[in-house]
Amino acid sequence: MGTEDKFSHKAEELKGRAKENIGEATGDEELRAEGRADQTEGGLKQAGEKLKDAGKKVKDAFKK
């Protein structure tokens, strides 16, 4: 997983957290839900990249 991808996915998750907090503070349920969705999407992307990294490590272990 590239550093740029890691940063991008984490930033998406943090943006979602901010949206959720703003939505909660203002009573905007739509913004709150959008924030939760952004957080979920960012987290899933991070998990997918971690899974790819683990697969590469296993592949590399068998090459040795």
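Readers should treat all values here as calculations from the given coordinates under stated rules, not as data from a laboratory. Being a predicted model, the structure only gives us computed values, none of them experimental. Every residue, glycine as well, gets a Cβ built from its backbone with ideal geometry; the counts of neighbours run over all protein chains shown.
Adding -39500 (n - 2.57) for every DSSP H run of four residues or longer, then dividing by how many residues the chain holds, sets the calculated 222 nm ellipticity at -33000 deg cm²/dmol.
Across the chain, the relative contact order, built from alpha-carbon pairs under 8 Å that are at least six residues apart, equals 36 percent. For the chain, the longest principal axis of the alpha carbon atoms and the long axis of helix 29-63 meet at an angle near 10°.
Place a label point 7 angstrom from the Cα of LYS10 along the Cα-to-Cβ direction, then list the residues of the range 22-64 whose backbone nitrogen is under 14 Å away. Only 43, 46-47, 50 fall inside the zone, counting backbone N under 14 Å. Taking a Cβ cut-off of under 12 Å around THR26, the surrounding Lys, Arg, Asp and Glu residues balance to a net charge of -3, with basic ones at +1 and acidic ones at -1. Taking a Cβ cut-off of under 14 Å around ARG17, the surrounding Lys, Arg, Asp and Glu residues balance to a net charge of -2, with basic ones at +1 and acidic ones at -1.
Given the choices (1) 76; (2) 51; (3) 153, volume of the Cα convex hull per residue in Å³ derived from the coordinates of this structure is entry (2). Once the Cα atoms are used to define both axes, helix 3-26 deviates from the longest principal axis of the chain by about 20 degrees.
Neighbour counting of Cβ atoms within 10 Å sorts the residues LYS50, LYS57, fewest neighbours leading, into LYS57, LYS50.
For each pair in LYS19/LYS52; LYS6/LYS59; LYS19/LYS56; LYS19/LYS57; LYS10/LYS59; LYS10/LYS63, compute the distance between the two Cα atoms and list the pairs where it is over 24 Å. With Cα atoms farther than 24 Å apart: LYS19/LYS52; LYS19/LYS56; LYS19/LYS57; LYS10/LYS59; LYS10/LYS63. Would you mind telling me which residue in ALA37, ALA54, ALA18 has the biggest mean-square fluctuation in a Gaussian network model of the chain, where springs connect alpha carbons within a distance under 10 angstrom? For the chain, modelled as a Gaussian network with Cα springs under 10 Å, the answer is ALA54.
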